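Take a look at the structure below.
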Amino acid sequence: KAGVTQTPRYLIKTRGQQVTLSCSPISGHRSVSWYQQTPGQGLQFLFEYFSETQRNKGNFPGRFSGRQFSNSRSEMNVSTLELGDSALYLCASSSPSSGELDTQYFGPGTRLTVL
Amino acid sequence: GNSVTQMEGPVTLSEEAFLTINCTYTATGYPSLFWYVQYPGEGLQLLLKATKADDKGSNKGFEATYRKETTSFHLEKGSVQVSDSAVYFCALSDRLTGGGNKLTFGTGTQLKVEL
């Protein structure tokens, strides 16, 4: 089974721009979560989508948003980029129906650099 | 809220040495516990997990036991290899009121194994 894939792997943007990151979960997984990883704050939960609905949200400003499509693929968007948004963005998928309710499998991440 | 505390790194060991990375947690209820590993430039890989007290997770020679009485989930390996050099994250699964869950991570412990 293919793992979680994320595109692009690397992005360079300038302040004020917006960016869209994409995540394809493991086949059959319907829950997709996003995390931000920075040296200063570590790994922080952004939001979780299930069946095309945002089910949970972390403590991030409204500039961070996301969506999920009917095939469970997910995108996250960051508008009006700030220097502090430079981070590794990780997507994870899980499958509540498989009995592994709590187990999340991660993709390779998208490295975003804001100049 | 729930939290995870890991020992500070870096931890530097010689090949074939015994490894322990300490992890303690604070949580309400009975969370599942995980160890993830991150190699340079990559995402997080699930190393092992335990879903209830006294469960032992194991994989690739690594082990960790879910100790409810000491709220700990220490990672151990009897004989480390250079290829084990990576950052190790302890995490717990937080059930959320909206359904689903999020992972709460420790700060990570960098392991360096030398010949």
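The values are calculated or read from the model by the stated rules, or taken from the named source; none is laboratory data. Predicted, not measured: the structure shown is a model, and the values here were computed from it. All Cβ positions, glycine included, derive from the backbone under ideal geometry; neighbour counts span all protein chains shown. SASA here: full protein model, heavy atoms, side chains in, ligands and nucleic acids out. Shrake-Rupley method; radii C 1.70, N 1.55, O 1.52, S 1.80 Å.
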| field | In the range B:11-38, the residues that are touching a helix residue (DSSP H, G or I) at 6+ places or on another chain (Cβ under 9 Å) and either within 14 Å of another protein chain (Cβ to nearest Cβ) or among the hydroxyl-bearing types (Ser, Thr, Tyr) (or both) | value | B:VAL37
| Number of positions in the range B:27-54 that are surrounded by 14 or more Cβ atoms within 10 Å (Cβ to Cβ) and within 29 Å of A:THR110 (Cβ to Cβ) | 16
| So which residues in the range B:80-92 are small (Gly, Ala, Ser) and touching a Phe, Trp or Tyr at 6+ places or on another chain (Cβ under 7 Å), if there are any at all? | B:ALA86, B:ALA91
| Does B:GLN110 qualify as being out of contact with any strand residue (DSSP E or B) (no Cβ under 6 Å at 6 or more places or on another chain), modelled with pLDDT of 95 or more, open to solvent by 50 Å² or more (accessible area, probe 1.4 Å) and of a type outside the set (Lys, Arg)? | no
| query | For A:GLN68, are the conditions met, namely being free of Cβ contacts under 8 Å to residues at least 40 places away in the same chain and polar (S, T, N, Q)? | reply | yes
| note | Exception for A:GLY40 within (1) assigned to a strand (DSSP E or B); (2) more than 9 Å from every other protein chain (Cβ to nearest Cβ) falls at (1)
| task | Could you look through the range A:65-85, keep only residues that are within 10 Å of the chain's Cα centre (by Cα) and not charged (D, E, K, R), and pick out the one that is surrounded by the fewest Cβ atoms within 10 Å (Cβ to Cβ)? | result | A:ASN77
| query | Which of (1) farther than 18 Å from A:SER72 by Cβ; (2) within 11 Å of chain B (Cβ to nearest Cβ) is the odd one out, the single condition A:PHE60 does not satisfy? | reply | (2)
| field | Exclusive hit being within 14 Å of chain A (Cβ to nearest Cβ), under 24 Å from A:PRO96 (Cβ atoms) and open to solvent by 10 Å² or more (accessible area, probe 1.4 Å), set B:GLY100, B:GLY57 | value | B:GLY100
| query | Just one of the numbered conditions (1) under 23 Å from B:GLY1 (Cα atoms); (2) part of a strand (DSSP E or B); (3) among the hydrophobic types (A, V, I, L, M, F, W, C); (4) modelled with pLDDT of 95 or more is not true of A:LEU101; which one? | reply | (4)
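Tell me which residues, restricted to the range B:78-93, are open to solvent by 20 Å² or more (accessible area, probe 1.4 Å) and either of a type in the set (A, V, I, L, M) or modelled with pLDDT under 95 (or both). Lay out the reasoning, then the answer.
Step one: filter the range B:78-93 for residues open to solvent by 20 Å² or more (accessible area, probe 1.4 Å), giving B:78-79, B:81-83, B:85, B:87.
Result: B:VAL82, B:VAL87.
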| said: Condition first: modelled with pLDDT under 95 and under 26 Å from A:VAL4 (Cα atoms). Now tell me which residues in the range B:51-77 satisfy that. | reply: B:THR51
| request: Would you confirm whether any residue within the range B:60-69 is among the aromatic types (Phe, Trp, Tyr) and assigned to a loop (DSSP other than H, G, I, E, B)? | output: yes
